[in-house]
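Below is one structure, written out as structure tokens; comments come after it.
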Amino acid sequence: MPELPEVETLRLQMEREIVGRSISDVVVRFAGRINKTKESFAAALRSKRIRAVERRAKILRIVLDGGQSLLVHLKMSGRFLLRAAGHEPTKHTHVVFVFSDRQELHFEDARKFGYLYLMADNDVEEIFANKYGPEPLGKEMNVEKFIERLQRKPNAKIKPLLLEQEIIAGVGNIYADEACFTAKIHPTRRVREISTAELGELYTGLREALEESLRRRGTSADKFLDLYGNKGDNVQFLKVYGREGEPCMRCNTPLTKIRLGGRGTHFCENCQKI
Ligand SMILES: [Zn+2]
């Protein structure tokens, strides 16, 4: 599933390519995950200019003229691809945005979990402020704030807690595993059993994992492609995620995979003691 670095990679590219452009037409081919009828969705977007492309947590926000935004969550397999006018849609193409300069933006989603919600800006801002914690790479974030957020749930196990979007926004399975490994914290340890020095290491590890991935245009462990259809380059640099059975880079112990909170969790039993 695309996480913060993948969604931010897409955002940066979309900002460069589509901000300032006007939507001349919208073709909805699958309406199962939009919050309007096909006709009203297309009518509301037609002739709107794109003012900005923002990101909050793992959600893209396309800000339009007229006080509305399109919120897009890619979920498992959603992707945006920039296409030449008239590009043949695939069987997974749900929505085609046609721009006045004859380029198109195609939204594809093989698994059909991704959504596109057209909403008033006021409602978007309320959701973003109330349902999501601070951004881990945001200007307002620092080690003290990170620790304070986690310590709100002293009995929670650390790895699943990192995935809770209302505590820290944008972190998913890949980068939570990578951060716990860097900080040498066993993923099942409870917050109250982890020292503030260790939580400080976790903060550093998380920022490093996110920033390094962003520099490499994200991790294409599954289906992620950027706006131009390219895979991200980060997968080969992952230290534990997807590497069960391979030797730990620090101690050579074969890496372990368990289920934790319903998610595959990768770690080194030797470096990350309970
Ligand atoms: Zn190890």
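Side notes on the structure shown:
- Restricting attention to the range 22-50, the residues being of a type outside the set (Lys, Arg) and either part of a strand (DSSP E or B) or within 12 Å of PHE99 (Cα to Cα) (or both) number 11.
- Close Cβ contacts (under 7 Å, 6 or more residues apart or on different chains) running from residues in the range 144-162 that are among the small types (Gly, Ala, Ser) to residues that are crowded, with 17+ Cβ neighbours inside 10 Å comprise ALA156/VAL191.
- If only residues of the range 251-274 that are within 11 Å of the ligand (Cβ to nearest atom) and within 18 Å of LEU206 (Cα to Cα) are counted, the one that is most open to solvent (accessible area, probe 1.4 Å) is CYS271.
- Among the residues of the range 230-245, those identified as buried (at least 19 other Cβ atoms within 10 Å of the Cβ) and either of a type in the set (A, V, I, L, M) or farther than 22 Å from CYS271 by Cα (or both) are GLY232, ASN234, LEU238, VAL240.
- Any hit, the range 26-36, residues being open to solvent by 40 Å² or more (accessible area, probe 1.4 Å), touching a Gly at 6+ places or on another chain (Cβ under 9 Å) and among the basic types (Lys, Arg): yes
- LEU227 being within 30 Å of THR93 (Cβ to Cβ), open to solvent by less than 10 Å² (accessible area, probe 1.4 Å) and of a type outside the set (Asp, Glu): yes
- Residue match in the range 202-222 (condition: within 15 Å of the ligand (Cβ to nearest atom) and under 18 Å from the mean Cα position of the chain (by Cα)): yes
- Those residues of the range 43-55 which are within 22 Å of the chain's Cα centre (by Cα), open to solvent by 10 Å² or more (accessible area, probe 1.4 Å) and farther than 13 Å from PRO2 by Cα, in sequence order: ARG51, ALA52, GLU54
- Residue satisfying all of: in the range 58-104; farther than 17 Å from ASP226 by Cα and basic (Lys, Arg); modelled with the lowest pLDDT among these: ARG102
- Counting only residues that are closer than 18 Å to ARG21 by Cα, out of contact with any Phe, Trp or Tyr (no Cβ under 6 Å at 6 or more places or on another chain) and either open to solvent by less than 10 Å² (accessible area, probe 1.4 Å) or outside any strand (DSSP E or B) (or both), the range 81-95 holds 3 of them.
- Selection count where residues are in contact with a helix residue (DSSP H, G or I) (Cβ under 7 Å, 6 or more places away or on another chain) and under 26 Å from GLU166 (Cβ atoms), scope the range 35-53: 1
- Test: residue in the range 236-248 that is near the ligand (Cβ under 10 Å from one of its atoms) and without any contact (Cβ under 8 Å) to a residue 24 or more places away in the chain: yes
- Inspection of the range 107-117 identifies at least one residue that is at pLDDT 95 or above, outside any loop (DSSP other than H, G, I, E, B), open to solvent by less than 20 Å² (accessible area, probe 1.4 Å) and charged (D, E, K, R).
- Restricting the first member to the range 249-264 and to residues that are more than 17 Å from GLU164 (Cβ to Cβ) and in contact (Cβ under 8 Å) with a residue 12 or more places away in the chain, and the second to residues that are within 16 Å of the ligand (Cβ to nearest atom) and of a type in the set (Asp, Glu), the beta-carbon pairs closer than 6 Å and six or more apart or on different chains are LEU255/GLU244; LEU255/GLU246; THR256/GLU269; LYS257/GLU244.
- Breaking point among (1) open to solvent by 30 Å² or more (accessible area, probe 1.4 Å); (2) within 20 Å of LEU74 (Cβ to Cβ); (3) in contact (Cβ under 8 Å) with a residue 60 or more places away in the chain, for THR219: (1)
The values are calculated or read from the model by the stated rules, or taken from the named source; none is laboratory data. Worth saying up front: this structure is predicted, and the values here are computed from it rather than measured. Glycine gets a Cβ as well: all are built from the backbone with ideal geometry, and neighbour counts include every protein chain shown. In case anyone asks, the SASA skips ligands and DNA or RNA and just uses the protein heavy atoms, side chains included. Shrake-Rupley method; radii C 1.70, N 1.55, O 1.52, S 1.80 Å.
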